Amino acid sequence: MEGVPPVSTPESPMESPENAARCPFLLSTWSFGQRANEAAWPALAAGGSSIDAVEAVSVFCEDDPEIDSVGYGGLPDRDGAMSLDGCVMLSPEQCGSVCAIRRHRHPVSIARQVMDHTPHIMLAGEGADAFADAHDHPVEELLSPGAREAWEKRQRELPEQSRASSPRPVDVDPRGQLFAHGDDESRWSNNHDTIGVLAIDERGTLAGACSTSGMPWKVPGRVGDSPIIGHGLYVDPEGGAAVATGTGELVMAICGSFLAVELMRGGAMPGDAIREVLERIAKRSDLEPGHQIAVIALRPDGHWGSGALRPGFRLATSDAGGHQLLKPELVLLPGT
Ligand code: ASP
């Protein structure tokens with residue numbers, strides 16, 4: 001797509017060309033998003049759809065055992081059991097979601113089938129797994145040897161009262177250390193979090209997806225923001241798309257992704273919308289040092305933005321100019 005100009009509409013000219021995407025465009029959370037973007041890019045660049053691209057990015061991460069917060073390889077709940085959540089969205093009329101999946105590796109693909117083949121938006125637990133069985137998803141082990149080992153180590157080394165769920169992305173390591181300071185992604189220990197991905201294809205269609213194994217060591221049954229439309233992900237062709245990662249409860253409390261899109265619908269640039277979302281979260285009196293939230297957002301006219309509460313977040317972009325791993329343009333609490 002060499003030479004294709006940035007997307008724009010007459011109503012909203014591009015004021016800041018450095019943050020206006022060339023179409024098609026892929027935007028993913030965390031550094032592992034870069035490998036996934038690279039895998040999904042050729043099809044999108046060849047004229048593929050944004051919905052196929054966001055599913056491909058998610059599937060790539062769900063299959064990678066090195067990513068300990070998404071799909072196979074994710075860390076289990078308090079009792080050592082795995083459960084996966086994911087959703088996909090094109091518009092308020094076209095979205096699908098599953099949560100607490102226990103037997104299938106690809107929640108985003110199942111969510112896409114919920115969107116395409118049912119009158120519903122969200123299926124949960126055993127019903128969602130049964131739906132996946134009926135749609136020929138193979139039954140697979142979700143707990144990788146590495147994740148099992150991490151859970152067993154935790155059982156051995158941490159006293160029982162310290163084994164409560166950790167407000168992902170902070171994880172209490174066996175020495176009781178929460179995280180290192182500084183602007184290094186590794187401070188969010190046990191690698192990183194949810195894959196959240198937004199795309200716009202050459203026809204200008206927006207799509208988004210979100211996939212996670214949730215907070216490590218969570219209370220069994222806990223579901224976070226990621227699979228909930230309007231919380232972890234929201235896409236509206238008229239307003240834009242946003243996806244969040246980090247401590248899900250903080251995002252859920254303010255309908256974070258919906259809020260970002262709604263602000264963009266009102267005319268806000270993505271960076272300003274993200275700032276407002278993060279400021280609302282930062283106003284909470286119970287914010288803990290280990291809480292992190294990051295948001296990426298993309299408007300239908302190609303403007304995009306990124307921001308995080310604290311340092312250490314990375315995002316990956318792909319367009320005709322290549323693949324990039326970037327720091328967010330906004331860190332609300334830089335010294336923390
Ligand atoms: N937001 C996800 C959750 O709370 C996890 C994450 O993104 O770190 O389940």
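Below, the figures for the structure above:
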{"item": "Region 62-135-region 238-308 distance, computed between alpha-carbon centres (Å)", "result": "23"}
{"item": "Mean separation of Cα contacts under 8 Å (6+ apart) over length of region 191-301, as relative contact order %", "result": "26"}
{"item": "Packing-based ranking, highest mean first, of 302-308, 246-252 given that Cβ atoms within 10 Å are counted", "result": "302-308, 246-252"}
{"item": "Region 81-136 - convex hull of the alpha-carbon atoms, volume per residue in Å³", "result": "62"}
{"item": "Cα gyration tensor category, rounded, prolate or oblate, for region 188-336 with a/c compared to 1.5", "result": "rounded"}
{"item": "Listed peptides 324-333, 236-245, 219-228, 282-291 by packing density, highest first (mean Cβ within 10 Å)", "result": "236-245, 219-228, 324-333, 282-291"}
{"item": "Additional length obtainable on full extension of the chain from Glu93 to Ser285, 0.36 nm per residue less Cα span", "result": "65.5 nm"}
{"item": "Residues Ala253 and Arg148, FRET efficiency given R0 of 25 Å [Cβ-Cβ distance, rounded to 0.05]", "result": "0.15"}
{"item": "Gyration tensor verdict on region 38-106 (Cα atoms; rounded if a/c is under 1.5, prolate if a/b is larger than b/c, oblate otherwise)", "result": "oblate"}
{"item": "Relative compactness, region 249-306, computed as alpha-carbon Rg over 2.2 N^0.38 Å", "result": "1.12"}
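Computed from the coordinates by the stated procedures, all read-outs in this text should not be read as laboratory data. This one's a predicted model, so the numbers in the text were calculated from it and none came from an experiment. Note that each Cβ is placed from the backbone with ideal geometry, even for glycine, and that neighbours are counted across all protein chains shown.
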